[in-house]
């Protein structure tokens, strides 16, 4: 059970500490005024990493090994230059793909047998590996130079982005990542080679006949059940999908409370059939259906969904929860989420009820139990 | 010697006082400043050594419109590195 939260916002990093049932209090903020795109607490060594996205001065990484008392800046990942004399890389509709780091969209620890390993996914769609706790980063060249790369598209951002990285707890060399927009990719050799595979995933926005193309898929977030790693869940651009074969094939869930559209998903670490989503009216709107802010929960693998709103604001409430704005504690007992309008809520009973911690934060980009 | 000044917005993140540097180009002047404050480089230049998209350099009051760091600087030039006012 975790008594601490790390909240990355557009105006800095906030920490929240639990002082009793339903009581959470803020500590002093860090990096005031600077967007904090991503937060990662490494359970193997207790280290905490944050990715900052200075509007003018680029993406920066900082690490703390004393629960945020002190931070030190580390090297940020670097995209390789376009070789001299070669034209810029353009995507399938003629847009130039940037070759400089724009943002960090995923930051996760490696396996238990890789004590200093971290994985980092970025915009533009690059995957980086660190084997020294984030002190240095190596580009995963096999993915960056993959022949299909020009077919990847930006989804919500101008360039493609890697936002989900799932390490298989049974074999740390097996990785699955999700890309907006380039579908789901798998590696069984520690990132040396990659294959796009997501049979059954459907993109209703794709041209006729291309709905099931793996690279056309826009997974918004992908998670894996820690105790049943073959079970994965995806909140996709046009639906909710479930896999029982480690992400190779997917079945679509077409009914889930008010909407199947959204960004965030978490799965219970011990109960693979229990997952939570934060629905919104579909893509051209991106706010809660009818202005009613709710969480949806399945406990039977997607056959049925509970619509949870106790403790959440009354309508009109136009809070949207981004893909990294919802988290579940390692024991599955607590949930936390933060919204684009600065709301922060915690549930200590699986989402049955929520406690508002703040309604006035800066827009929330990332919520992590720490 | 030319003098390099950094915007207050930069000094919030990396200590970088105004300094006189031995240099005949903007790049040489910046390199000299980076030698004194190594973290500063990644705030001003991107990973390929180009001026960051939202950073502006002025030499003697004139903006480097072509963003060419090979631009010469004179013995008494004043170089200002500021955040471009992109978006208000």
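Which shape class applies to segment B:3-83: rounded if a/c is under 1.5, otherwise prolate when a/b exceeds b/c and oblate if not, where a ≥ b ≥ c are the square roots of the Cα gyration tensor eigenvalues? Verdict is rounded for segment B:3-83. Sorting the segments A:120-129, A:100-109, A:80-89 by their mean number of nearby beta carbons within 10 angstrom, highest to lowest, gives A:120-129, A:100-109, A:80-89.
How much of the DSSP beta bridge set in the protein assembly as shown is antiparallel, as a percent to the nearest 5?
Bridges in the protein assembly as shown are about 95 percent antiparallel.
Could you tell me which of rounded, prolate or oblate describes segment A:1-157, using a ≥ b ≥ c as the square roots of the eigenvalues of the alpha-carbon gyration tensor, with rounded for a/c under 1.5 and, failing that, prolate when a/b is larger than b/c and oblate otherwise? It comes out prolate by the Cα gyration axes.
I'd like the mean, over residues of B:40-46, of how many other protein chain beta carbons sit within 10 Å of each residue's own Cβ.
Values: counts 1, 0, 8, 5, 3, 1, 9.
Partner Cβ neighbours, averaged per residue: 4.
First measure r as the distance between the Cβ atoms of residue A:285 and residue B:20, then evaluate 1/(1 + (r/R0)^6) with R0 = 56 Å and state the FRET efficiency to the nearest 0.05. The formula returns an efficiency of 0.50 here.
When each of A:60, A:292, A:150 is scored by the number of other beta-carbon atoms lying within 10 Å, the sequence from fewest to most is A:150, A:292, A:60. Per-residue mean of foreign Cβ neighbours for B:1-9 is 1 (Cβ atoms of other chains, 10 Å radius). For the peptide B:47-59, the mean number of other protein chain Cβ atoms found within 10 angstrom of a residue's Cβ is 3. Efficiency by 1/(1 + (r/R0)^6): what FRET value for residue A:188 and residue A:86, r their Cβ-Cβ distance, R0 = 41 Å, to the nearest 0.05? Calculated value: 0.85.
Packing order of peptides A:30-40, A:349-359, highest average first: A:30-40, A:349-359 (average count of other Cβ atoms within 10 Å over each peptide's residues). For a paramagnetic label modelled on residue A:93 (point 7 Å from Cα along Cα→Cβ), amide N atoms under 19 Å away belong, within segment A:166-200, to A:179-183. Cβ-to-Cβ counts within 10 Å put B:20, A:41 in ascending order as B:20, A:41, the fewest first.
None of the figures in this text is laboratory data; all of them are computed from the coordinates on show. Only a predicted model underlies this, so the values are computations on that prediction, with no experimental measurement involved. Because the Cβ atoms are built from the backbone with ideal geometry, glycine has one as well, and the counts that use them run over all protein chains shown.
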